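Visitor: The structure is given below, and queries will be raised subsequently.
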Amino acid sequence: MAAEVTKPHDSKVSRRSLLAAAGAVAGGAALAGVPRVARAAGRSFDAEADVIVVGGGGAAFAAAAGAAQGGTRVLVLEKAPAIGGTTARSGGAYWIPNNHLMRAKGVEDPKDAAVKLMARLAFPSVYDPEAPLSGLDRFSHDALSSYYDLAPQVVERLERAGVIRSQIAALRPGQIATDGITWTHPEYHAELPENKAPYGRTLNPVGAEGGGGGSLMTGLATFARKQGVRVMTGQHVVQIATNGKGEVVGVQAQTADGERLYRAKRAVIFGTGGFTQDRSKVMNYLRGPIFGGCAVPTNTGDFIDMATQLGARLGNMRNGFFVQHVLEQALANSSVVDDLWIPPGDSMIMVNRHGVRVASEKTPYNEHTQSHFVWDTTRAEYPNLVQFMIYDSGVAEDPAQAYGMPFPAPGRRAPYVIEGATIGELARNIQKRLDKLRGKVAVNGAIGPDVRLADGFADTLARTIERFNGFAKEGRDPDFGRGSTPIQVSWGGPRRRGNDKNPTMYPFSSSGPYYCILIGGGTLDTNGGPVVDANGRVLHVNGQPIPGLYGAGNCVASLAGQAYWSAGGTLGPGITNGFTAGENGAGESVKEV
């Protein structure tokens with residue numbers, strides 16, 4: 001959808017106080033790298049609004065929707081040539097506990113259990129269901145508790161305002177309805193004892209343009225325009241301006257027409273996405289090597305650079321919403337459009353460079369991707385840095401098995417698929433492909449000398465397949481529990497005719513051809529950044545809010561910690577906290593320059 005572009009204009013607001021003001025920040029710390037335009041005494045602002053929202057995706061436009069009530073003037077500044085961000089690439093789902101559609105079906109989602117579920121997945125190293133606050137610090141526990149309370153309220157309010165219309169995500173073919181209710185796929189962690197409502201929290205937008213993230217963005221942007229929100233694209237915000245009291249009063253942007261300074265009378269809200277596309281930040285902050293991400297190219301963590309100059313506290317920097325990618329696509333372009341959620345295929349396994357499996361191939365993406373980050377202390381290597389998706393002709397030629405990413409449709413070819421008539425020939429062709437890719441780097445993963453098949457790979461792979469075949473015949477995977485959870489059965493693929501054991505597993509053919517796709521770790525986006533409170537206010541290192549500065553979405557420290565609770569675990573908090581930040585930012589008092 002084309003963005004509305006408004007040309008900047010001069011306002012009569014003077015910059016006379018910004019000479020000293022831009023050097024002062026919350027808590028009294030000095031601001032490094034003061035913008036040149038902020039030192040240009042007497043120059044007027046190029047445009048002004050009550051609230052400025054920086055970013056053009058779901059969290060940003062939710063913030064604009066929250067702020068644009070009661071006549072509040074809102075200006076949206078987007079770095080890219082068009083709005084949408086990573087949200088427009090997404091499936092558009094949002095994870096909302098205790099939502100109104102669940103309640104309408106009489107489904108209970110008790111708060112205590114829901115918060116414990118979120119806590120267990122977000123902070124597993126400290127989680128204790130019997131401890132006060134489940135073992136979490138009060139700030140983290142309160143954030144989860146507030147999300148449970150706020151998320152269903154925000155979605156209902158957006159629906160009443162006509163911004164979006166929600167539905168429980170559609171039932172996939174072959175699933176069985178439970179309790180007389182037609183459900184979506186189960187939660188990613190439906191099997192956990194804390195999960196008392198394993199169906200119905202994931203919502204999708206109902207609307208035009210094929211649904212998904214496009215529909216969500218259409219609803220949010222259309223509502224914003226109707227509320228008088230101005231949208232300006234091609235605006236790369238690079239600095240935050242403050243007054244002599246350390247209050248945020250505007251932003252500086254780089255544009256095709258030069259530098260611009262914009263006045264925010266009440267608040268500035270950032271919804272600019274994570275730092276997936278900034279190699280330096282990924283190298284220094286993220287805990288695992290990745291080759292790419294679904295985040296759009298503009299997601300370079302700009303807010304981290306600006307907010308830390310104001311003394312903002314950072315949090316959750318090592319985590320992301322992780323997902324696997326076809327390695328060669330990520331090497332060609334680190335902003336990857338396609339990814340592997342829960343890959344289809346029953347006679348399919350993933351092995352590491354030694355030819356052994358490392359996880360259930362049907363594990364949800366956030367968890368499975370983290371298997372790439374395992375460090376072998378004896379060999380001093382990442383043995384799983386690149387994983388090898390091996391499958392047979394039964395998958396390649398069956399539309400019911402090769403029904404989605406990363407498999408090409410039966411009868412078609414993809415340049416990233418490696419083929420061999422035997423396991424030995426497949427192994428040789430895999431090594432040839434790795435040799436061809438050597439030296440290629442994307443984000444912070446690289447095809448170096450260690451990314452090669454180990455000696456004896458073909459023989460080990462043959463034994464691994466033989467072991468897997470035995471498990472498939474029995475219908476049970478004692479190594480990794482493949483097909484043992486509701487989500488793995490639901491999304492792992494349809495049952496092959498004759499398979500009355502485990503629908504996610506089927507023995508490999510005894511003869512070739514065999515196929516391989518190289519798989520690398522990546523992200524939907526990172527989710528670390530400045531720490532915000534339940535109101536969306538950015539916190540200084542001293543624990544106090546930085547006056548007039550807010551954030552939401554993947555550009556701030558996610559309350560989800562290391563978790564991806566289920567489908568919609570990114571947009572649920574992004575929309576909820578964006579809308580909340582918008583409302584609270586609009587309610588701030590006017591700040592003088």
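Visitor: Quick one: in segment 229-273, of everything that is of a type in the set (A, V, I, L, M, F, W, C) and in a loop (DSSP other than H, G, I, E, B), which residue is farthest from GLN544 (Cα to Cα)?
Guide: Looking at residues that are of a type in the set (A, V, I, L, M, F, W, C) and in a loop (DSSP other than H, G, I, E, B), I get ALA256.
Per-residue answers, yes or no, for (1) modelled with pLDDT of 90 or more; (2) loosely packed, with under 14 Cβ neighbours inside 10 Å; (3) in the same structural domain as LYS105 (by TED's automatic domain parsing); (4) not in a helix (DSSP H, G or I):
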| residue | (1), (2), (3), (4) |
| --- | --- |
| TYR147 | yes, no, yes, no |
| ALA151 | yes, no, yes, no |
| VAL155 | yes, no, yes, no |
| GLY162 | yes, yes, yes, yes |
| LEU171 | no, no, yes, yes |
| ILE176 | no, yes, yes, yes |
| TRP183 | no, no, yes, yes |
| HIS189 | yes, no, yes, yes |
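Visitor: Something else now. Which is outside the structural domain of ASP392 (by TED's automatic domain parsing) and surrounded by fewer than 24 Cβ atoms within 10 Å (Cβ to Cβ), of PRO545, PRO507?
Guide: Just a single option satisfies the conditions, and that option is PRO545.
Visitor: Select, from TRP341, TRP375, the only residue that is in contact (Cβ under 8 Å) with a residue 60 or more places away in the chain and over 22 Å from GLY470 (Cβ atoms).
Guide: Result of the check over TRP341, TRP375: TRP341.
Visitor: Within segment 282-299, which residues are surrounded by fewer than 23 Cβ atoms within 10 Å (Cβ to Cβ) and either assigned to a helix (DSSP H, G or I) or without any contact (Cβ under 8 Å) to a residue 12 or more places away in the chain (or both)?
Guide: Passing the criteria: MET283, ASN284, TYR285.
Visitor: With respect to GLU361, is the statement that it is farther than 14 Å from GLY520 by Cβ, assigned by TED's automatic domain parsing to the domain that holds VAL326 and out of contact with any Gly (no Cβ under 9 Å at 6 or more places or on another chain) true?
Guide: no
Visitor: Right, another one. Based on what the data block shows, is PRO110 within 28 Å of THR300 (Cα to Cα) and surrounded by fewer than 19 Cβ atoms within 10 Å (Cβ to Cβ)?
Guide: Judged against the criteria, PRO110 is not a match.
Visitor: Can you list residue pairs whose Cβ atoms sit under 6 Å apart, with the first residue in segment 219-244 being among the hydroxyl-bearing types (Ser, Thr, Tyr) and buried (at least 20 other Cβ atoms within 10 Å of the Cβ) and the second being modelled with pLDDT of 95 or more and in a strand (DSSP E or B)? Count only pairs 6 or more apart in sequence or on different chains.
Guide: Between residues of segment 219-244 that are among the hydroxyl-bearing types (Ser, Thr, Tyr) and buried (at least 20 other Cβ atoms within 10 Å of the Cβ) and residues that are modelled with pLDDT of 95 or more and in a strand (DSSP E or B), the close pairs are THR242/VAL248.
Visitor: Taking segment 311-331 as the region of interest, how many residues are out of contact with any Asp or Glu (no Cβ under 9 Å at 6 or more places or on another chain) and buried (at least 24 other Cβ atoms within 10 Å of the Cβ)?
Guide: 4
Visitor: Another question, if that's okay. Hey, any hits in segment 15-25 for a residue that's assigned to a loop (DSSP other than H, G, I, E, B), under 19 Å from LYS265 (Cβ atoms) and at pLDDT 95 or above?
Guide: no
Visitor: I need a count of the residues in segment 296-331 that are over 19 Å from LEU524 (Cβ atoms) and among the hydrophobic types (A, V, I, L, M, F, W, C).
Guide: Residues that pass the stated criteria total 5.
Visitor: Mind checking which residues of segment 130-140 are more than 21 Å from GLY536 (Cβ to Cβ) and either touching a helix residue (DSSP H, G or I) at 6+ places or on another chain (Cβ under 6 Å) or outside the structural domain of PRO186 (by TED's automatic domain parsing) (or both)?
Guide: Those that are more than 21 Å from GLY536 (Cβ to Cβ) and either touching a helix residue (DSSP H, G or I) at 6+ places or on another chain (Cβ under 6 Å) or outside the structural domain of PRO186 (by TED's automatic domain parsing) (or both): LEU133, SER134.
Visitor: So if I check each of GLY445, GLY411, GLY439, GLY456, which one is in contact (Cβ under 8 Å) with a residue 40 or more places away in the chain and at positive phi?
Guide: GLY456
Visitor: Looking only at segment 368-385, decide whether some residue is surrounded by fewer than 21 Cβ atoms within 10 Å (Cβ to Cβ), touching an Asp or Glu at 6+ places or on another chain (Cβ under 6 Å), more than 13 Å from GLY520 (Cα to Cα) and in the same structural domain as ARG497 (by TED's automatic domain parsing).
Guide: Yes; the residues of segment 368-385 include at least one that is surrounded by fewer than 21 Cβ atoms within 10 Å (Cβ to Cβ), touching an Asp or Glu at 6+ places or on another chain (Cβ under 6 Å), more than 13 Å from GLY520 (Cα to Cα) and in the same structural domain as ARG497 (by TED's automatic domain parsing).
The values are calculated or read from the model by the stated rules, or taken from the named source; none is laboratory data. Keep in mind that this is a model prediction, so the values were computed, not measured. Note that we place each Cβ from the backbone using ideal geometry, even for glycine, and neighbour counts take in every protein chain shown.
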